[in-house]
Amino acid sequence: MEPTQVPAWLDEHGIDWIKTEGISLDGPIIGKHIGRRKFVSALPLGNAITELVFGYDLGGTPYLAWWDDWRLAALGDIHQRPDLSTLVVAPDRPRTANVICDTVSTDGTPLPVCPRSTLRRVVDRVAEHGFTSKAAFEIEGMVFNDSIADARTRGYRGLSPMGHPAPLGYLQLNSREQLVFVDEVLTRLDGLGIPVEGWHDEAAPGQFEFNLDPADPITAADRVIRVKQVLREVAADQGRIVTFMAKVNDEYGNGLHVHHSIARDGEPVFHIPDGGEFSETARHWIGGIVASMHAAVSVLCPTINSYRRMVGFAAAPTLASWAEDNKSAALRVLPRSAKGARIEHRVAGGDANPYLAFSAIIAAGLDGVERQLVPAPPLEGSAYDADGQRMPTTLAEAVDLLDRSAFARAAFGDRVVDHYVNSGRHEV
Ligand code: GLU
Ligand code: MG
């Protein structure tokens, strides 16, 4: 949609308010509710918002790690430039529409703090090499039957999971119990035009998983942040809590498994036909992702808590490894069907930013193709019993590896990397 077409669209749908959805580094949506007149007059640059939205961590502690020469003066405004292709009628509030925004400077240039712009740059570069890419995310989260106010007063101890309090997965009795929550989520997602392939009860008490349809990477990541927001909103509306924290308690953690496929000239690169073997391109792509895994871990596992999930026998990877259809490996490669040939990257925690996670994954694959990297032989058996390259086990270590990574600096530029490294060190 062009800016000139917006007033007619707002008329047609009876919209008075627009909820802006900007992408923070940590994942939660940031924005304002903008009245229709202001929304239209601010196009195409979008409404102003304070830089401070990128100036504190999840706990609310201010830090100015992101200050850079693109912004010399302290505490001014930046802009939320609406991506009008994402304008949608809100399913949960009358006369309201939602729109996803890129974070840009006052002259319209995307800022290094904007994860969505980072992903777009990487996807464009992959396309310049003749590849199309698709992404599909699996969202794991946990829902508890406690109100956030009650939980706070109890220091988040002794919460009641929605479902049987044992580590059993795929139990339809648990799904049944979660239906009052999930049905409302599905209704709102349908209203937002977000297709869900399926959902199920996952293995930790109160845990669920939503599988989203494959889509182009930006759309797929946009859907992740909208789905998480809807899950949070429905939980809040119902007096419940939902969390995507990577490791909530001693049970299984929350992952964000990222599937991707690439194609060249319409041919699926990861597909092995009967009796065949991996193409050179597939090998290099896998080689690149494995080689850069250490540098990517702080992006995939962005909090101190993320590293508590990465322990043996918890279905989360511990070695920088790959194998065909092996869920203990970091990369689970599924090459046998032309239609479904893909790589499942299993490292990211539920707390990862989907835009940055996907950027780190495909930039590494492309790097492997450019430098013709070859992966070590695939993992055999369980990674939890094997020797191999262990992944960093703390955020501090992972951030140092990112800081020193020539690959990351070439792929994302110093400003994006420095910003991320600084925010990670602040978190530590
Ligand atoms: N919850 C596990 C994780 O933290 C993944 C379980 C699964 O294989 O889906 O990654
Ligand atoms: Mg799962």
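Of the options PRO205, PRO377, LEU45, report the single residue whose Cα projects farthest towards the positive end of the charge dipole of the chain (beta-carbon charges: Lys, Arg +1; Asp, Glu -1). Farthest towards the positive pole: LEU45. Modelled this way, with points 7 Å down the Cα-to-C-beta line, the labels at GLN372 and GLN389 are 2.0 nm from one another. The fraction of Cα-Cα pairs per 10 angstrom bin, counted from 0 for the range 284-428, comes to 12, 44, 35, 9, 0 percent, rounded to whole percents.
Any chance you could tell me what percent of the C-alpha pair distances in the range 315-373 go past 16 Å? Before the final figure, lay out the partial values.
Working: 914 of 1711 pairs.
Roughly 53 percent, once rounded to a whole number.
Here the alpha carbons of the range 61-170 define both size measures, Rg and Dmax, at 20.8, 55 Å. Measuring nothing but how far apart in sequence close Cα pairs (under 8 Å, 6+ apart) lie, relative to its length, the chain scores a relative contact order of 16 percent. Along its three principal directions, the equivalent ellipsoid of the chain from the Cα gyration tensor extends over semi-axes of 32, 27, 23 Å, largest first. Excluding same-chain neighbours fewer than eight residues apart, the lysines reachable from LYS228 by a Cα-Cα span under 25 Å are LYS19, LYS32, LYS134, LYS247, LYS327. Computed from the Cβ-Cβ distance with R0 of 30 Å, the FRET efficiency linking ARG37 to THR153 stands at 0.10. In terms of the mean number of neighbouring beta-carbon atoms within 10 Å, the peptides 51-57, 31-37, 273-279, 113-119 order highest first as 113-119, 51-57, 31-37, 273-279. Taking 7 Å steps out from each Cα toward its Cβ at GLU128 and ARG425 produces label points 3.0 nm apart. Estimated from the Cβ-Cβ distance and a Förster radius of 25 angstrom, the FRET efficiency linking LEU173 and ARG336 is about 0.15. When +1 charges are put on Lys and Arg Cβ atoms and -1 charges on Asp and Glu Cβ atoms, the dipole computed for the chain relative to its Cα centre reaches about 620 debye. A simple count of charges around LEU334, restricted to other residues whose Cβ falls under 10 Å of its Cβ and scoring Lys, Arg +1 and Asp, Glu -1, yields 0. Taken along its principal axes, the alpha carbon cloud of the range 189-298 reaches lengths of 53, 35, 27 Å, longest axis first.
Just round it to a whole percent: the fraction of Cα-Cα distances in the range 380-428 exceeding 18 Å. For the range 380-428, the share of Cα pairs beyond 18 Å comes to 42 percent.
FRET efficiency for the pair GLN238 and THR61, taken as 1/(1 + (r/R0)^6) with r the Cβ-Cβ distance and R0 = 30 Å, rounds to 0.50.
Extension gain for ASP216 to VAL311 (0.36 nm times residue separation, less C-alpha to C-alpha distance): 31.0 nm. Ellipticity at 222 nm from helices only: DSSP H runs of n ≥ 4 in the chain, each -39500 (n - 2.57), divided by the residue count, give -10500 deg cm²/dmol.
Three principal axis extents of the range 229-347 based on alpha-carbon atoms, in descending order, are 53, 29, 23 Å. In summary, the aspartates and glutamates within cross-link reach of LYS339, defined as a Cα separation below 13 angstrom excluding same-chain residues under 8 places away, comprise GLU267. Residues whose amide H comes within less than 5 Å of that of LEU58, counting only those at least five positions distant or on another chain, are absent (H built at 1.01 Å from N in the peptide plane).
Cβ crowding within 10 Å ranks ASP190, ASP26 as ASP190, ASP26, fewest other Cβ atoms first.
Remind me, what semi-axes does the range 350-416 give for its equivalent ellipsoid, largest first in whole Å, using sqrt of 5 times each Cα gyration tensor eigenvalue?
Numbers: eigenvalues 105, 62, 32 Å².
Output for the range 350-416: semi-axes of 23, 18, 13 Å.
Restricting the calculation to alpha carbons of the range 179-219 gives Rg and Dmax of 11.5, 33 angstrom.
Only the coordinates and a few stated rules stand behind these numbers; no lab work does. Every value quoted in this text rests on a predicted model; they were computed, and no experiment measured them. Counting neighbours? That spans all protein chains shown, and the Cβs are built from the backbone with ideal geometry, glycine included.
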